[in-house]
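The values are calculated or read from the model by the stated rules, or taken from the named source; none is laboratory data. Given the structure is predicted, the values throughout are model-derived calculations rather than measurements. Please note: Cβ atoms are built from the backbone with ideal geometry, for glycine as well, and neighbour counts cover all protein chains shown. In case anyone asks, the SASA skips ligands and DNA or RNA and just uses the protein heavy atoms, side chains included. Shrake-Rupley method; radii C 1.70, N 1.55, O 1.52, S 1.80 Å.
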Amino acid sequence: MLKIAPSILSGNFLNLEPDLRMINDNADLIHIDVMDGSLVPNISFGFPLAEAMAKVMTVPMDVHLMIVNPWKYIERFAKVGAGLISFHLEACDQAGKDPSEVIAMVKATGAKAGIAINPDVPVERLFPYIEEVDFFLIMSVFAGFGGQKFIEESVDRIKTLKAEMDRRGIVRDIEVDGGVSSANSRILADAGATMLVAGSSVFKAEDPAQAIKEMRD
Ligand code: DX5
Ligand code: ZN
């Protein structure tokens with residue numbers, strides 16, 4: 001079944017609790033974007049907010065680490081209550097770190113491990129990790145900001161990854177993040193996506209619960 005993960009980056013930061021409860025009642029996961037202004041050109045939030053959100057959340061917290069040296073913070077995010085943790089392959093490239101090591105670190109905490117890539121990283125670079133990871137996060141915009149336009153080529157990237165999984169007979173979740181709405185959810189699911197992240201299309205909707213439902217259906 002297709003899982004919907006609203007991105008709280010588009011929530012109402014003056015009063016997050018109603019948004020969090022709406023996610024609990026209507027969605028499958030909450031997507032939490034952690035940005036450091038270094039790996040990506042924007043800063044979002046960190047532990048204090050994630051800890052506060054954990055007090056309210058009943059659906060799993062899906063923490064997307066857009067930070068350099070993500071391995072330094074994996075254990076802490078797991079302690080805060082992250083059920084899924086993804087890190088960027090680009091962060092490993094920058095530091096000369098073996099992604100397999102980072103995947104193992106995430107798994108050792110009990111959280112599900114995901115590798116994320118930006119639209120300019122060849123999707124084939126994920127192939128070596130298909131066996132090890134729990135999920136892949138295909139960015140369909142350049143990581144850093146909500147509200148960007150969906151990059152259409154992402155659909156083919158998902159198809160390519162899914163085809164390689166099928167070829168090997170391995171089933172892994174494929175999460176898509178950036179510009180996702182009910183206008184492209186069907187084509188993404190047909191391509192092989194199993195988890196859809198949606199920020200603005202949920203929180204800018206008149207009826208966020210309905211927007212989630214439309215994406216799922
Ligand atoms: C972007 C973040 C996304 C963002 C998606 O760097 O990773 O999770 O919140 O927002 P929308 O759905 O508005 O593109
Ligand atoms: Zn994200």
Tell me which of GLY179, MET139, ALA209 sits at the most positive position along the dipole axis of the chain, charges placed on C-beta atoms (Lys, Arg +1; Asp, Glu -1).
ALA209
Just MET66, MET165, MET35 to compare: in a GNM of the chain, with alpha carbon springs under 10 Å, which one fluctuates most?
MET165
Per GNM of the chain with C-alpha springs under 10 angstrom, the most fluctuating residue out of SER182, SER200, SER38 is SER38
Computed for the chain: size of charge dipole around the Cα centre, +1 on C-beta of each Lys and Arg, -1 on C-beta of each Asp and Glu, debye to nearest 20, value 260 debye
Rounded to the nearest 5, the percent of antiparallel DSSP beta bridges in segment 1-125 equals 5 percent
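Probe radius 1.4 Å, ligands and nucleic acids ignored: give me the carbon and sulfur share of the accessible area of the chain as a rounded percent. List each step's numbers first, then the result.
On the way: 4750 of 9570 Å².
The computed percentage sits at 50.
Quick check: with the 1.4 Å probe, what order do ARG76, ARG167, ARG157 take by accessible area, largest first? Spell out each step's value before the answer.
Numbers: ARG76 130, ARG167 170, ARG157 35 Å².
Putting ARG76, ARG167, ARG157 in descending order of accessible area: ARG167, ARG76, ARG157.
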Can you tell which of GLU17, GLU153, GLU75 shows the greatest fluctuation in a Gaussian network model of the chain with Cα springs below 10 Å?
GLU153
Over the Cα atoms of the chain, how large are the radius of gyration and the largest Cα-Cα distance (Dmax), in Å?
15.8, 47
Charge dipole of the chain built from unit charges on the beta carbon (Lys, Arg +1; Asp, Glu -1), centred at mean Cα; most positive-end Cα among MET1, MET53, SER100 is MET53
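Over segment 1-141, calculate the relative contact order: mean separation of alpha carbon pairs under 8 Å at least 6 apart, over the residue count, as a percent.
Values: 231 pairs, mean separation 24.1, N = 141.
Here the relative contact order equals 17 percent.
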Here segment 7-16 yields Karplus 3J(HN,Hα) values (6.51, -1.76, 1.60; θ = phi - 60°; whole Hz; Gly and Pro given as x) of 8, 5, 4, 9, x, 8, 5, 7, 7, 7
Distance from the Cα centre of segment 142-199 to that of segment 6-27, in angstrom?
22 Å
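So what is the accessible area of the chain per residue, in Å², with the probe set to 1.4 Å? Working shown, then result.
Details: 9570 Å² over 217 residues.
Solvent-accessible surface per residue comes out at 44 Å².
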